[in-house]
Amino acid sequence: MNNSKKVAGFAGLVSVLWMGLTAAVAANQKRLLFNPLGSKREVLKPYSSGHRTRPIVVRSNDGTRLSGWLMTPPVAGPHPGVIYFGGRSEEVSWVARDAGKLFPGMAVLAVNYRGYGDSHGDPAEEHFVDDGRMLFDWLSERHHVDPKRIAVVGRSLGSGVAVQVAMQRDANSIVLITPYDSILAIAKRKFKAIPVEYVLRHKFESVKYAHHLKAPTYVLRAAFDDVVPHSHTDLLVEKLGQLHADEIVPDSDHMNIPYLEATQDRIASFLRGRFSQP
């Protein structure tokens, strides 16, 4: 075999491998991006010491059954409200356990995404955002909630949901924990040899929507983050319509940041300050 045939054969092999890898990423993107861990709860019996805690089931606009928890202060309202959007693989029962510290005196809604926990359906960006808008409307209609004082809090993957919901609803304030510019940008960084922009359906391009946000936005970064590099957060922060603060939580990483006392104190302080304003 001459050299030209060897080169052609090698190029053909590379092409087949490249196409195979691209097809594998395209076929497995839901598992790679969302990876819901079945119905296993992080906290077996979710309960907030500072709230009345009750499990709830709500129906999405297309009838999908979504399950989570509503926590309300024990005193008469109306109260400010908070909606929490979790990260990749995150089951949100832990929010009920920590709500007394994170969201004191606030009504809190934490609902698992489709395919997470006891929620039905399949995960997808369009579903997460549509369900997020529905949950915002649902909470604002509760008689014990002040519809003018509702905040959205999103962690990691959920920061992209929170941004899009806040863009389309009248959020009082926004908290973004380890947020990114876009999942597409992170995927392109991770899979450099693959045309990700053509195969990725769930792009979560927060950077495109950030300038539309009218509510004060509080950004919290992990001190050590190998999932969302700070450079990706930088690009989002540059575009935010109203940046309240951009802080790094000491001794935190991408996984432990929401559970740390320092994180929870900062979020509670920011929201109390926002909700106390006329």
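The values are calculated or read from the model by the stated rules, or taken from the named source; none is laboratory data. Just so we're clear, the structure is a prediction, and the values are computed from it rather than from any experiment. We place every Cβ from the backbone using ideal geometry, glycine too, and count neighbours over all the protein chains shown. Protein only, heavy atoms only, side chains kept; ligands, DNA and RNA dropped before computing areas. Shrake-Rupley method; radii C 1.70, N 1.55, O 1.52, S 1.80 Å.
Quick notes
- So Asp146, is it in contact with a Pro (Cβ under 9 Å, 6 or more places away or on another chain) and outside any loop (DSSP other than H, G, I, E, B): yes
- Residue among Ser159, Ser231 that alone is part of a helix (DSSP H, G or I) and farther than 25 Å from Met106 by Cβ: Ser231
- Annotation: of all residues in segment 46-84 being under 22 Å from the mean Cα position of the chain (by Cα) and charged (D, E, K, R), the one that is most open to solvent (accessible area, probe 1.4 Å) is Arg59.
- Residue list for segment 244-260, restricted to those being open to solvent by 10 Å² or more (accessible area, probe 1.4 Å) and touching a helix residue (DSSP H, G or I) at 6+ places or on another chain (Cβ under 6 Å): Asp246
- Check on Lys148, under 27 Å from Phe224 (Cα atoms), out of contact with any strand residue (DSSP E or B) (no Cβ under 6 Å at 6 or more places or on another chain) and open to solvent by 30 Å² or more (accessible area, probe 1.4 Å): no
- If the condition is being acidic (Asp, Glu) and either under 11 Å from Leu66 (Cβ atoms) or not in a loop (DSSP other than H, G, I, E, B) (or both), then segment 107-139 contributes Asp118, Glu125, Glu126, Asp130, Asp131, Asp137.
- Answer from Ser159, Ser93 - the residue that is in contact with an Asp or Glu (Cβ under 6 Å, 6 or more places away or on another chain) and touching a residue at least 40 places away in the same chain (Cβ under 8 Å): Ser93
- Residue list for segment 122-145, restricted to those being surrounded by 21 or more Cβ atoms within 10 Å (Cβ to Cβ), touching a Leu at 6+ places or on another chain (Cβ under 9 Å) and more than 24 Å from Val75 (Cβ to Cβ): Phe128, Asp131
- With respect to (1) farther than 21 Å from Glu126 by Cβ; (2) of a type outside the set (Gly, Ala, Ser); (3) in contact (Cβ under 8 Å) with a residue 12 or more places away in the chain; (4) surrounded by fewer than 16 Cβ atoms within 10 Å (Cβ to Cβ), the lone exception for Gln168 is condition (1).
- Residues satisfying the stated conditions in segment 47-106, i.e. assigned to a loop (DSSP other than H, G, I, E, B), closer than 19 Å to Pro36 by Cα and of a type in the set (D, E, K, R): Arg88, Glu90, Glu91
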